[in-house]
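Student: Please find one structure pasted underneath; my questions will follow.
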Amino acid sequence: MRVFLTGATGFIGSHLIPALLQSGHDVLGLTRSDAGAHRLEAAGVAVHRGDLERPETLAVGVAAADAVIHCAFDHDFAKFVENTRKDERNIAAMGAALAGTNKPILITSGIGIGTPRGGGPATEDVLNPLHANPRIVTELAAAALIAERVDVRTIRLPQVHDTTRAGLITPLIAEARRAGAVAYLGEGKTRWAAAHISDVARLYVLALEKGQPGARYHASVEEGIEARAIAEAIGKGAALPVRSIAADEVERYFGGMAPFAALDMTASSVWTRARLGWEPSGPDLLADLARMDYSQPVTA
């Protein structure tokens, strides 16, 4: 298939490209810059010029492909709600271009959206339309397309990591450097699910090739790693003190990441593994945090 890939020059997309090519697919990668175009061409990818600020440019890319994988998202957390609305508009525009076809679109969401109202690990069968996470609009946009019989498949991501980046943990490292210490709230018992980038890339390909319309798939390998263990790994690697903090200190130590400090974001992937034959084999989160080069600037 020829796959239109948004976010092609990003963390997920840049690892997904070789996985797609290895599986025999052609890739049409979205970029808005000359530098991005050069990177895609060097990776053996066709270039589509477009911009998340102009949904119509994404619709043109959809028309030129057999399938769509939507990884792009603006991760400026100072404008998080605004950026989720932008994602909603882009999904709607791509969905309109897919109407009346059998082309699949894989959208990207977060595992937290599958958390049951009574708590516990997120599961693929749960979609809470009243979820407090603004990212819920991504999945509501997907649900609207499914109602119009568009083939939408959702990939829910945990903290996706290698030795250079680690999901929300990456900006937390930057906040820890600013504050002069790595913090965890209370006893540090909240847990975050995680998966290595190589396993996540493989899951996208499996969902493209074997997935079912309307299905949601969880890219979680580790169901949950405690916040204290994450903080201690960062502290050791970055040579920063580690401390427990009270709720009234969260803003000081977590900065723009404060809304995530108390969140328990665990997720099961039992159903996903059974349906797609997904067998993760990458390193675990704490191993990657131990091998990370903390002398290098950490970027989101």
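Student: Among 71, 174, 112, pick out the residue whose Cα is farthest towards the positive end of the charge dipole of the chain, where Lys and Arg carry +1 and Asp and Glu carry -1 on C-beta, about the Cα centre.
Tutor: It is 71.
Student: May I pose another question? Rank-order 203-211, 95-103 by packing density, defined as the average count of other C-beta atoms within 10 Å over each peptide's residues, highest first. Can you show the working numbers first?
Tutor: Numbers: 203-211: 21.4, 95-103: 16.3.
My ranking of the peptides, most packed first, is 203-211, 95-103.
Student: Of the listed values [x] 34, 58, 7; [y] 29, 48, 22, 1; [z] 39, 59, 3, identify the label whose number matches P(r) over Cα pairs in 20 Å bins from 0, in percent calculated from this model.
Tutor: It is the value labelled [x].
Student: Angle, helix 197-210 long axis vs. longest principal axis of the chain, Cα atoms, 0 to 90°, nearest 10?
Tutor: Orientation of helix 197-210: about 30 degrees from the principal axis.
Student: On a 0 to 90° scale, report how tilted helix 80-98 is relative to the longest principal axis of the chain, with both axes built from alpha carbons and the result rounded to the nearest 10.
Tutor: Tilt of helix 80-98: around 20 degrees.
Student: With the Cα gyration tensor of segment 229-274 giving a ≥ b ≥ c as the square roots of its eigenvalues, does the rule (a/c under 1.5 for rounded; else a/b larger than b/c for prolate; else oblate) give rounded, prolate or oblate? Don't skip to the end; give the middle numbers.
Tutor: Details: a/c = 3.24, a/b = 1.64, b/c = 1.97.
Oblate is the answer for segment 229-274, as a/c is 1.5 or above yet b/c matches or exceeds a/b.
Student: Once the piece of chain linking residue 295 and residue 275 is laid out straight, how much longer is it, given 0.36 nm per residue of separation minus the C-alpha distance between them?
Tutor: Using 0.36 nm per residue and subtracting the Cα-Cα distance, I get 3.1 nm.
Student: What residue among 273, 117, 49 has the largest mean-square fluctuation in a Gaussian network model of the chain, using Cα springs under 10 Å?
Tutor: 117
Student: Another one. Leaving out ligands and nucleic acids, and using a 1.4 Å probe, what accessible area per residue does segment 154-204 come to in Å²?
Tutor: Per residue, segment 154-204 has 30 Å² of solvent-accessible surface.
Student: In degrees from 0 to 90, rounded to the nearest 10, what is the angle of the helix 227-238 Cα long axis to the longest principal axis of the chain?
Tutor: It works out to around 80 degrees.
Student: Which residue fluctuates the most in the chain, going by a Gaussian network model with Cα springs under 10 Å, if the choices are 240, 58, 20?
Tutor: Of the options given, 240 has the highest mean-square fluctuation.
Student: Same structure again: Add +1 for every Lys or Arg and -1 for every Asp or Glu among the other residues with Cβ under 15 Å from the Cβ of residue 293, and state the total.
Tutor: +2
Student: Then there is this: For a quick check, take a GNM of the chain with Cα springs below 10 Å and name the residue from 24, 256, 36 with the largest mean-square fluctuation.
Tutor: Result: 24 has the largest fluctuation of those listed.
Student: Under a crude label model (7 Å from the Cα following the beta-carbon direction), how far is residue 96 from residue 2 in nanometres?
Tutor: Each label point lies 7 Å from its Cα, and together they span 2.3 nm.
Student: Once each part is reduced to its C-alpha centroid, what is the distance from segment 73-89 to segment 14-28 in angstrom?
Tutor: Taking the Cα centre of segment 14-28 as reference, the centre of segment 73-89 is 26 Å away.
Student: Please name which of 211, 158, 183 has its Cα lying farthest along the dipole of segment 87-218 towards the positive end, using unit charges on Cβ (Lys, Arg +1; Asp, Glu -1) and the Cα centre as origin.
Tutor: The residue sitting farthest along the positive end of the dipole is 183.
Student: Another one. Treating the beta-carbon of each Lys and Arg as +1 and of each Asp and Glu as -1, no other charges, what is the dipole magnitude of segment 63-201 about its Cα centre, to the nearest 20 debye?
Tutor: For segment 63-201, the charge dipole is close to 280 debye.
Student: Oh, and also: Once a ≥ b ≥ c are taken as the square roots of the eigenvalues of the Cα gyration tensor of segment 1-110, is the result rounded (a/c under 1.5), prolate (a/b larger than b/c) or oblate (a/b not larger than b/c)?
Tutor: In terms of gyration-tensor shape, oblate.
Student: How many percent of the accessible area of the chain is carbon or sulfur, using a 1.4 Å probe?
Tutor: That share works out to 52 percent.
Student: Residues in segment 84-114, backbone N under 12 Å from the label point at residue 46 (7 Å along the Cα-to-beta-carbon vector): list them, ranges by number please.
Tutor: So the set is empty, nothing qualifies.
Student: What number comes out for the charge environment of residue 22, summing +1 per Lys or Arg and -1 per Asp or Glu over other residues with Cβ under 14 Å away?
Tutor: On the way: positive: 202; negative: 26, 209.
Here the count lands on -1.
Student: Could I ask something else about it? Take every DSSP beta bridge with both residues inside the chain and express the antiparallel ones as a percent of the total, to the nearest 5.
Tutor: Percent antiparallel among DSSP bridges in the chain is about 15.
Student: Keeping every protein chain present and rolling a 1.4 Å probe, give me the accessible area per residue for segment 5-70 in Å².
Tutor: Each residue of segment 5-70 exposes 43 Å² on average to a 1.4 Å probe.
Student: Compute the signed sum of charges (Lys and Arg +1, Asp and Glu -1) over the other residues within less than 15 Å, Cβ to Cβ, of residue 143.
Tutor: Counting the neighbours of residue 143, the net charge comes to -2.
The values are calculated or read from the model by the stated rules, or taken from the named source; none is laboratory data. In this text the structure is predicted, and so the values were computed from the model without any measurement. Please note: Cβ atoms are built from the backbone with ideal geometry, for glycine as well, and neighbour counts cover all protein chains shown. The accessibility values were calculated without ligands, DNA or RNA, using every heavy atom of the protein model including side chains. Shrake-Rupley method; radii C 1.70, N 1.55, O 1.52, S 1.80 Å.
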